[in-house]
Amino acid sequence: MVPLADMEAGATGAATSSSADPPWHALEAAAVAEQLGSPTDGLGSDEAAARLARFGPNRLTPPKRRPAWMRFLAQFHNLLIYVLLVSGVVALLLRHWTDAGVIFGVVLVNALIGYIQEDKAEQALEAIRNLLSPQAVVLRDGHAVTLAADELVPGDRVFLVSGDRVPADLRLDRTKGLLVQEAALTGESVPAAKSAAAVAADAALGDRGGMAYAGTMVVQGQGTGIVVATGDATEVGRIGHLLASVTTVATPLLVSMARFGRWLTGGILLLAGGTVLFGMLVHGEPWQDMVLTAVGLAVAAIPEGLPAVMTITMAVGVTRMARRNAIIRHLPAVEMLGSVRTICTDKTGTLTRNELLATSIVTAEATYVAGGSGYAPEGEIRREDRLVDPAAEPLLLDLARAALLCNDAALHRDPDGEWQLAGDPTDGALLALAMKAGLDPDGEAKHYPRRDALPFESERQYMATLHHDHAGHGILLVKGAPERVLALCERERRGDGAVPLDRPRWTALTAELAGQGQRVLALAMRRTPIDLSELIDGDLREEGLELLGLCGLIDPPREEALVAVAACRQAGITVKMITGDHAATAAAIGRRFGLPDGVTSGPQLDRLDEAGFAAAAAANSVFARTTPEHKLRLIAALQAAGDTVAMTGDGVNDAPALKRADIGVAMGRNGTEAAKEVAAMVLADDNFASIVHAVEEGRTVYDNLRKTILFMLPTNGAQAVVILLAVLSGSLLPITPVQILWVNMVTAVTLGLALAFEAPEPGVMARPPRPRDEPILAGRLVRRMLVVLALLVASSFGFFHFHRLQGDGIEEARTIAVNALVVGEIFFLLSARDLHGRGELLSALAGSRPVWLSIALMTLLQLAFTYAPPMQALFGTTPLGLAAWAAMAAAGAGLFVLMELEKRLSGAPTRLSPRSDSGSRNGRRPA
């Protein structure tokens, strides 16, 4: 062993064993005490102070954070933002202070939103640090004292009792009925039984019965343990470091927009530079005039309002999702939901209720199934699909009475009328079962008062209670692990009395229930002399016990989650269950949800190389006994294969994977703060079904973003091409830069914004998830955009030159050119609403309330632009006659008809056919 003085520790770490030595859980408690220099009467004050100075306080070290000013400036590091800043400078050069202020305001608002979101995300680490207990009872100088938990050092001896939060990682040396709730670390819904025994070095975290980890809760019993790790060296500290090291993945939209920004910037620079050179060299124009023309072209090409409209579109989606219990914490996550191809879900509390339910009751003569939900003592009991009266079933009633009396839990209603459990979940499930059988806890306790009890301990694996009844009889009741209880039994209860125990049959029944993912308990009894008033283990072995039967408990699936998983399959989304629970339990729940058979465990994954791990991640649907590292690697492997991955979780152990996933989804009711702070989305109802609703809204948001971009880009492109054609032809500009700014500003906040409120298109959940690397505008949409651009250019450029040829003044011709462009946009807005259809004319014309409101507002603004004297003076416009408006309306209607014909010619996109079972089983995607 390596002495404490030779151990390494960081500034705030804890003692750790040498890499050549077994881990703490594999060492006997006495060996741990020797290695850590931990005397039986506790550390002395001087030694404890020396160790505190050396190892540092027992708290998690906050990571180094960038200064606030640096994090704020980093929000501007985006090429699209640079383009917007350039457009603001251009507006300043043109002395359009209002327009410049609007542009810079949009940039500032986006930067503030990003800064606030980043700050909130980093609060996840703070939430983990708050998991450590504030106080602990420690043995110092031979006396038990209460200290602040951050004063604990390696080698301290800590006392644990029911209700305590474990203050540091402890190697237990004494336990009595100690049960610790470790769900936040392991994902198991049932509290773990603890003992002082060593386990194998490669035991999974949930199987280390001799360890109690920082941040977990003692739910029953008592014990003492030796501190083996404090602060950052604890298991929860290790997860905190893992979380800090995880890098988030950029959303597909941000990737697409960054790509678009690069192409847009390059295109604008080339086009502006070419325009200057062409005008100077070919037409001999002065360089000053050509630079101003190039500036106008740049202003025309930059979609200043696009980021603001995109933000509002996503914000509308956030509001819709909130109505369906999905709370979005990071705005870009809204659109990413539409591309989710794989959902990796935790089991406990997400697919299941995180409540134990006693569902199977087996006596020597019958098998019963109990219904109900949670710990509410309400539900039917059936035998062979036939409703039974428990009072008419003596064997069932005897078993239910034993479950009630050999029990330390209590059930009560809260002010809202909901049933709440006080005590162990297993006891709570058995108590609810007894009450379903018609038994009254208070009445039974009076009729069979308890005289003594042997609490459950991991060494004995059973609980026993002694009761006396009013008839002068003593009754000994036992419940516990079937293998231990059966070993104590010699007989079994039947309707005609007790008969010799059929041990092989009961062993087979136990295995059958366990194979269904149920936690199995056996219940037994024996009559005792009335003068027996104190229990010892030997009392159970005398004369043997009489087996009453078996009881199977499950963490029941959420009914709505069953429907939601089926809906995911219909939407082309793969569901994978990743849990820290046992393989048998995970496999049984997986079968209930229709996930492919078979389960892969964490230890099996550890034996795979990278290629094998990636293949296992793709091919399997159920993963058990996983650690935070396994979850991270599984998420990364799926992302590397091109999947957009959503991950659900509620525990501290889920936080790193939630951060790494494209969409981290935390449980709002029962989730830890660490999980909620790092997640992009929080489910207010802890319901897997809400994820499916959010995916539907996410697909709608993405559709609306594409509609918005499809609508705005041709508008800006048409303005730039109009200027370019004027330069190439050596003619006057049909639209001035200040008129361009007007069109860009008003169309963005009216027509473009209307598309943010569009309802889901029919069949939105019948389409396959979009590929992760799919451009936001590709194929037929790019062709559609080019057709619109050409038609808008033809209308604006054509009207300008037609009226110039008719002898109209330059102001009138430009006024007509601007209005022709806007009228074309209005008609295109109606067509852009139908993104995935075949061009339903009546549906497009029907529009929606936001669309028609935006058209009405845009019409009023253009009338003011044309007829209001202040606007005429500012933008150089003149009044137009009715004939001009009629001609522009006819041109716009023609554009609309041509776009609808283009949709019919291009055809509707392919719809998704339901995924075959074989396709889902081998992990392949449908073609």
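The values are calculated or read from the model by the stated rules, or taken from the named source; none is laboratory data. Because the structure is a prediction, the values reported are computed rather than measured. For neighbour counting, all protein chains shown are included, and Cβ atoms are generated from backbone atoms with ideal geometry for every residue, glycine included.
Data table
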{"quantity": "Meets criteria (β-branched (Val, Ile, Thr) and assigned to a helix (DSSP H, G or I)) for Val764", "calculated": "no"}
{"quantity": "Subset tally (residues that are among the hydroxyl-bearing types (Ser, Thr, Tyr) and in contact (Cβ under 8 Å) with a residue 40 or more places away in the chain) for the stretch 476-516", "calculated": "1"}
{"quantity": "For Leu608: the one exception among (1) under 22 Å from His241 (Cα atoms); (2) free of Cβ contacts under 8 Å to residues at least 60 places away in the same chain", "calculated": "(1)"}
{"quantity": "Residue that is under 14 Å from Ala887 (Cα atoms), surrounded by fewer than 24 Cβ atoms within 10 Å (Cβ to Cβ), in the same structural domain as Ala759 (by TED's automatic domain parsing) and not basic (Lys, Arg), where the choices are Gly807, Gly798", "calculated": "Gly798"}
{"quantity": "Long-range neighbours under 6 Å by Cβ, at least six apart or interchain, first residue free of Cβ contacts under 8 Å to residues at least 60 places away in the same chain and more than 21 Å from Ala31 (Cβ to Cβ) within the stretch 155-177, second in a strand (DSSP E or B) and among the β-branched types (Val, Ile, Thr)", "calculated": "Asp164/Val218"}
{"quantity": "Lone qualifier among Val695, Val749 - being among the β-branched types (Val, Ile, Thr), touching a helix residue (DSSP H, G or I) at 6+ places or on another chain (Cβ under 9 Å), assigned to a helix (DSSP H, G or I) and surrounded by fewer than 23 Cβ atoms within 10 Å (Cβ to Cβ)", "calculated": "Val749"}
{"quantity": "Count - residues of the stretch 418-449 that are over 20 Å from Thr175 (Cβ atoms) and either touching a helix residue (DSSP H, G or I) at 6+ places or on another chain (Cβ under 7 Å) or crowded, with 19+ Cβ neighbours inside 10 Å (or both)", "calculated": "16"}
{"quantity": "Check on Ala68, touching a strand residue (DSSP E or B) at 6+ places or on another chain (Cβ under 9 Å), modelled with pLDDT of 70 or more and of a type in the set (A, V, I, L, M, F, W, C)", "calculated": "no"}
{"quantity": "Unique residue being modelled with pLDDT under 85 and not assigned by TED's automatic domain parsing to the domain that holds Val818 when the list is Val692, Val727, Val746", "calculated": "Val692"}
{"quantity": "Whichever residue in the stretch 486-500 is among the aliphatic types (A, V, I, L, M) and surrounded by 19 or more Cβ atoms within 10 Å (Cβ to Cβ) and, among such residues, is farthest from Leu540 (Cα to Cα)", "calculated": "Leu486"}
{"quantity": "Residue list for the stretch 454-476, filter: surrounded by 15 or more Cβ atoms within 10 Å (Cβ to Cβ), over 44 Å from the mean Cα position of the chain (by Cα) and of a type in the set (A, V, I, L, M, F, W, C)", "calculated": "Leu466, Ile475, Leu476"}
{"quantity": "Filter result (part of a strand (DSSP E or B), in contact with an Asp or Glu (Cβ under 7 Å, 6 or more places away or on another chain) and within 19 Å of Glu34 (Cα to Cα)) within the stretch 158-200", "calculated": "Asp169"}
{"quantity": "Qualifying residue in the stretch 332-339 (condition: at pLDDT 75 or above, closer than 30 Å to Pro500 by Cα and either buried (at least 16 other Cβ atoms within 10 Å of the Cβ) or outside the structural domain of Met712 (by TED's automatic domain parsing) (or both))", "calculated": "no"}
{"quantity": "Only listed residue being of a type in the set (Phe, Trp, Tyr) and out of contact with any strand residue (DSSP E or B) (no Cβ under 8 Å at 6 or more places or on another chain), chosen from Phe623, Phe711, Phe688", "calculated": "Phe711"}
{"quantity": "Residue check, Gly517 surrounded by 17 or more Cβ atoms within 10 Å (Cβ to Cβ), in contact with a Phe, Trp or Tyr (Cβ under 9 Å, 6 or more places away or on another chain) and outside the structural domain of Gly177 (by TED's automatic domain parsing)", "calculated": "no"}
{"quantity": "Test: residue in the stretch 762-775 that is closer than 28 Å to Arg849 by Cβ and in contact with a Leu (Cβ under 7 Å, 6 or more places away or on another chain)", "calculated": "yes"}
